[in-house]
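The values are calculated or read from the model by the stated rules, or taken from the named source; none is laboratory data. Predicted, not measured: the structure shown is a model, and the values here were computed from it. Reconstructed Cβ throughout: ideal geometry from the backbone, glycine too, with neighbour counts over all protein chains shown.
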Amino acid sequence: MTVELAYDGTTQVTLVGVVVATSATLAVTSPDDVATESPAVTVPTVTTTTTSGTTANILELAAVTGIAPGDALQVLSDGVRYACTAAVVDSVSKTVELVTGLPVIPDLGSTVAKTQLTASVSALGTANIGPNWRLVWTYSDGTTTRKVAIGAAVVRQLWTSPITVPDVRRILAEMSAKRSNQWCADVVQRVNDSLLQRVEATGRRPWAFLSSSAFIGVARQGIRYELALQGIAHGGQIYEAQRELRFAFDDALSGVVGSLAYDQNDDGKIDEDEARPSLGTIQATR
């Protein structure tokens, strides 16, 4: 996914590491491959261990200080690293319920650590508005060094998800299903990511539309499609639902994306020709 960097303010960026970093750097690289900024990177420092009662779905820990729902965690058991995400954190019982359970029950005393790296990118200015920037992360746990480059764009306005957790919960309720807030938040993130990828595939830049609110209906179709992929659908006809909802998602997006005003030249204004519906569409083949 393209990371959006605000042209007129500081943007916090995050990377989930494959290893638990003890050192890290970040280079913000322009489209012509010039490193314009090297923000300081904050490495994760939260580490604890599993205690008696830990299961594949719920980690009982020596401490949960510094762990919050949505945090990316790594469990090291028998020399194998397992990535997971915290769903519910109980500071009284010192337990962390996971969004998705681990494939094994961790050994007693297994190390559990946060893995997110964070940094703040300063405002890059009007002259740098546009796509094809890169965030180049380099990090190490003292033994293994990783380097990751992620596409970025300097934008006038940051895209905001057109849907929220309550939207997911309402649709789940229609199907008599319940999930944790973090599970629903992950659905929101996947639907939003899918929406952005599909818009970008048309050659358009999501942040150049007037507002993401015009995509609410599309995103709600995306929720139903994502739930079907997770095995939740009306009538229990999972595979049929997946097929039909995929087309419904694409059809809804095709109908919206070509009808919206769009700041083609990134000047912050909607000119007369930009206010007219475009001719682009998204093809959904049945």
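Among the residues making up the stretch 203-215, those that are of a type outside the set (Gly, Ala, Ser) and either under 12 Å from the mean Cα position of the chain (by Cα) or surrounded by 16 or more Cβ atoms within 10 Å (Cβ to Cβ) (or both) are ARG204, ARG205, PRO206, TRP207, PHE209, PHE215.
Taken over the stretch 202-253, the criterion of being touching a residue at least 40 places away in the same chain (Cβ under 8 Å), in a loop (DSSP other than H, G, I, E, B) and either touching a Cys at 6+ places or on another chain (Cβ under 6 Å) or under 23 Å from GLN264 (Cβ atoms) (or both) is satisfied by THR202, GLY203, ARG204, ARG205, LEU210.
Just name the residue that is nearest to ASP267 (Cα to Cα) out of those in the stretch 178-193 that are in contact (Cβ under 8 Å) with a residue 40 or more places away in the chain and assigned to a helix (DSSP H, G or I).
Step one: of the stretch 178-193, the residues in contact (Cβ under 8 Å) with a residue 40 or more places away in the chain are 180-183, 185-187, 193.
Filter once more, keeping what is assigned to a helix (DSSP H, G or I): 181-183, 185-187, 193.
Working: ASN181: 38, GLN182: 37, TRP183: 38, ALA185: 33, ASP186: 34, VAL187: 33, ASP193: 25 Å.
Here the residue is ASP193.
Taking the stretch 125-175 on its own, how many of its residues are in a helix (DSSP H, G or I) and surrounded by 13 or more Cβ atoms within 10 Å (Cβ to Cβ)? Break it down into steps so the answer makes sense when it comes.
First, pick out the residues of the stretch 125-175 that are in a helix (DSSP H, G or I): 126-128, 165-174.
With surrounded by 13 or more Cβ atoms within 10 Å (Cβ to Cβ) added as a condition, the list becomes 126, 128, 165, 167-169, 171-172.
Residues flagged as in a helix (DSSP H, G or I) and surrounded by 13 or more Cβ atoms within 10 Å (Cβ to Cβ) within the stretch 125-175 amount to 8.
In the condition set (1) touching a strand residue (DSSP E or B) at 6+ places or on another chain (Cβ under 6 Å); (2) modelled with pLDDT of 95 or more; (3) among the aliphatic types (A, V, I, L, M), ALA123 is compliant with all but (1).
Comparison of LEU61, LEU73 shows that the only residue that is surrounded by 17 or more Cβ atoms within 10 Å (Cβ to Cβ) and farther than 22 Å from ASP141 by Cα is LEU61.
Taken together, GLY101, GLY109 contain a single residue that is part of a loop (DSSP other than H, G, I, E, B), under 22 Å from the mean Cα position of the chain (by Cα) and either modelled with pLDDT under 95 or surrounded by fewer than 18 Cβ atoms within 10 Å (Cβ to Cβ) (or both), which is GLY101. I'd like to check something: does the stretch 121-135 contain any residue that is in the same structural domain as ALA63 (by TED's automatic domain parsing), out of contact with any His (no Cβ under 9 Å at 6 or more places or on another chain), on the phi < 0 side of the Ramachandran plot and polar (S, T, N, Q)? Taking every residue of the stretch 121-135 in turn, none turns out to be in the same structural domain as ALA63 (by TED's automatic domain parsing), out of contact with any His (no Cβ under 9 Å at 6 or more places or on another chain), on the phi < 0 side of the Ramachandran plot and polar (S, T, N, Q).
Residues considered: VAL20, VAL13. Of these, the only one that is among the aliphatic types (A, V, I, L, M), surrounded by 15 or more Cβ atoms within 10 Å (Cβ to Cβ) and within 20 Å of LEU158 (Cβ to Cβ) is VAL13.
Residues that are at pLDDT 95 or above and farther than 23 Å from VAL121 by Cβ, at least 2 per element: which strands (runs of 3 or more DSSP E) completely within the stretch 1-88 meet that? Explain how you work it out, then say what you get.
Working: elements: 3-6, 11-16, 23-29, 35-37, 47-49, 58-60, 72-77.
The strands (runs of 3 or more DSSP E) meeting that bar are 47-49, 58-60, 72-77.
Among the candidates ILE171, ILE129, ILE150, the residue that is modelled with pLDDT of 95 or more, of a type outside the set (S, T, N, Q) and more than 20 Å from the chain's Cα centre (by Cα) is uniquely ILE171.
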